Amino acid sequence: MTETVPSRVGVLGGGRMGAGIAHAFLLAGAYVVVVERDVAAAEAARERIEKSIDASIARGFDGSAPQLKQALTVATDQGAFGACRLVIEAVPESLELKLEALREIERQLPQDAVLASNTSSIPLGRLADALERPEQFIGLHFFNPVPASALVEIVVSEHTHSGLPDRARTWVEALGKTPITVADAPGFASSRLGVALALEAMRMVEQGVASAHDIDLAMELGYRHPTGPLRTTDIVGLDVRLGIAEQLERELGAGFAPPQILRDMVAEGKLGRKSGRGFYDWNDA
C-alpha cells in the first residue's frame, strides 16, 4: 500500500477512542506516538493498542504484529510529539480540557504540522480561536469502535487552510475509511442526527411506549439501521451521549435537552458496554 498518511502521527489520549485512532494509523503504515497523563494510563493504552493489533492480525490483516508494535511509542510528555506531522487530540468531550490540551500540543509542533481534534460536538471555531495557527487545525471525528467503523467526519472551520480538507480526505481513505466533509455547525452532521434519534428513543422508553429492545428493532428492521439507537448509545457510552446532548442543548436549544432517564442512568454508573450495564446487560457479551 502506498503510504498516504503522515509518516509520524501523534494521538493525545489512549482511551478507547485514542487507542482506536492509533491502531488505525499503525495499520496504515505510520509511526505513532500516544501520550497519556501518567505512567499507569500510558501502560494501559499500550496494552489496549497491542491487543487491537493482535486482533487485526487474527482477522487476517497482512502485517507483522511485532513490527506494528515497534512502530508504537507511548509517553507521558507531550514533548514526544515534536517530530509528528499530524497530532490528533482525543481527550474527553470537555471544552476546557480540549482547549488546554490543544494549546499545549501546538507549542510542541513544527510550524507546518497539522493539529486535529476528535471532538464530536464542540464547535471547531471555538477551539481554533485559542490557537496560534488555526489554519493548520481541522476536525477528524472518528467513530466508536474505530477499527470497525467505516466513517470519519472531517470538520472544517472558517480558519482552516483551503487545501487541508483534501489532504485529510487522503489520510482517511488511506486508513480504509470513508470521509465526509462538513462545515463547523453544532453537532456537525453525525452527532446532531444520531443524538436526536437516541434522545427520542430514550424518551419513548421513559414514557413506556416500548422496550429498548423493541425500539431498536423498529429502526433495525423498519429502517435498515445496522444497530438501533439505544444499543448504539450503550456502545458509545451514556456519559458520552449526555455530554454531547448538553453541548447541543446549549447551542441549539431545548430539543436536545437530555431526558431524565439518561441523567439518572449516568448518575447510577450505567454507562453502557464499558460499565457492563446500560439499556442492555453487557456482562455476558
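The values are calculated or read from the model by the stated rules, or taken from the named source; none is laboratory data. No experiment lies behind these values; they were computed from the predicted model shown. Glycine gets a Cβ as well: all are built from the backbone with ideal geometry, and neighbour counts include every protein chain shown. To get the accessible areas, we keep the full protein, side chains included, count just its heavy atoms, and leave off ligands, DNA and RNA. Shrake-Rupley method; radii C 1.70, N 1.55, O 1.52, S 1.80 Å.
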Where in the chain are the helices, taken as whole DSSP H runs, whose Cα atoms extend 27 angstrom or more along the long axis and whose Kyte-Doolittle mean reaches at least 0.0?
-> 39-58
Here segment 131-249 gives, from Cα atoms, an Rg and Dmax in Å of 16.5, 51
Let me have the relative contact order for the chain, percent, based on Cα pairs under 8 Å that are six or more residues apart.
-> 14 percent
For n ≥ 4 DSSP H runs only, could you compute -39500 (n - 2.57) per run for the chain, divide by its residues and tell me the 222 nm figure to the nearest 500?
-> -13500 deg cm²/dmol
Send over the Kirkwood Rh of segment 24-95, from the inverse of the averaged 1/r over different Cα pairs, rounded to one decimal Å.
-> 13.1 Å
Where both residues lie in the chain, what percent of DSSP beta bridges are antiparallel, nearest 5?
-> 20 percent
Three-way shape label, segment 192-285, alpha-carbon gyration tensor, a/c 1.5 | oblate
Mind grabbing the accessible area of Arg46 for me, 1.4 Å probe, Å², rounded to tens?
-> 60 Å²
Give the Rg (one decimal place) followed by the Dmax (whole number) of segment 1-152, computed from C-alpha coordinates and expressed in Å.
-> 14.6, 44
Using alpha-carbon coordinates alone, the radius of gyration and Dmax of the chain in Å work out to 18.8, 56
Accessible area of Thr181 in the full protein assembly, 1.4 Å probe (Å², nearest 10) | 70 Å²
Heavy-atom accessible area order for Arg107, Arg48, largest first, 1.4 Å probe = Arg107, Arg48
Selection of trypsin sites (Lys or Arg not before Pro), segment 216-252, meeting DSSP coil and at most 14 other Cβ within 10 Å = Arg224
Order Tyr280, Tyr31, most accessible first, counting only protein heavy atoms with a 1.4 angstrom probe.
-> Tyr31, Tyr280
Rounded if a/c is under 1.5, else prolate if a/b is larger than b/c, else oblate: which is segment 79-166, with a ≥ b ≥ c the root eigenvalues of its Cα gyration tensor?
-> rounded
